[in-house]
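Reviewing the structure listed below.
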Amino acid sequence: MVFLTDYEIMNNPFLITKRLYFKPIEPDDLNLLLKWINNPELRNYLTIRFPFNSIKEKKWIENLYSNKQNIALLIVLKQK
């Protein structure tokens, strides 16, 4: 499993707890999201069954907030 542990990533935190924080998905998260979506083990738990390329993933990120009802957050583990 892949975890974010770099406290410096805390960019625009939405909710902060003692051990972790939630942050909106940003265009800068593209490479991390590509790693996750293209990991066969992780993809088993997603509704996506096929790998994404950077063009498709970038379009997905851009469309995340087109509907004001949507919220997409990354869960980030704070560094100890």
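General remarks:
- Residue satisfying condition, being open to solvent by 60 Å² or more (accessible area, probe 1.4 Å) and within 28 Å of Lys18 (Cβ to Cβ), within set Asn53, Asn44, Asn70, Asn63: Asn70
- Selection count where residues are in contact with a Lys or Arg (Cβ under 9 Å, 6 or more places away or on another chain) and surrounded by 11 or more Cβ atoms within 10 Å (Cβ to Cβ), scope region 25-41: 4
- Whenever a residue of region 51-74 is over 14 Å from Pro27 (Cα atoms) and of a type in the set (Phe, Trp, Tyr), its partners that are open to solvent by less than 100 Å² (accessible area, probe 1.4 Å) and not in a helix (DSSP H, G or I), lying with C-beta atoms within less than 9 angstrom and at least six residues away or across chains, give the pairs Phe52/Asn38.
- Residue count, region 6-23 (criterion: at pLDDT 80 or above and either part of a loop (DSSP other than H, G, I, E, B) or open to solvent by less than 70 Å² (accessible area, probe 1.4 Å) (or both)): 7
- Condition check for Ile75: β-branched (Val, Ile, Thr), in contact with a Leu (Cβ under 7 Å, 6 or more places away or on another chain) and surrounded by 10 or more Cβ atoms within 10 Å (Cβ to Cβ): yes
The values are calculated or read from the model by the stated rules, or taken from the named source; none is laboratory data. Small disclaimer: the values here were computed from a predicted structure and weren't measured. We place every Cβ from the backbone using ideal geometry, glycine too, and count neighbours over all the protein chains shown. Surface accessibility is based on the protein's heavy atoms, side chains included, excluding ligands, DNA and RNA. Shrake-Rupley method; radii C 1.70, N 1.55, O 1.52, S 1.80 Å.
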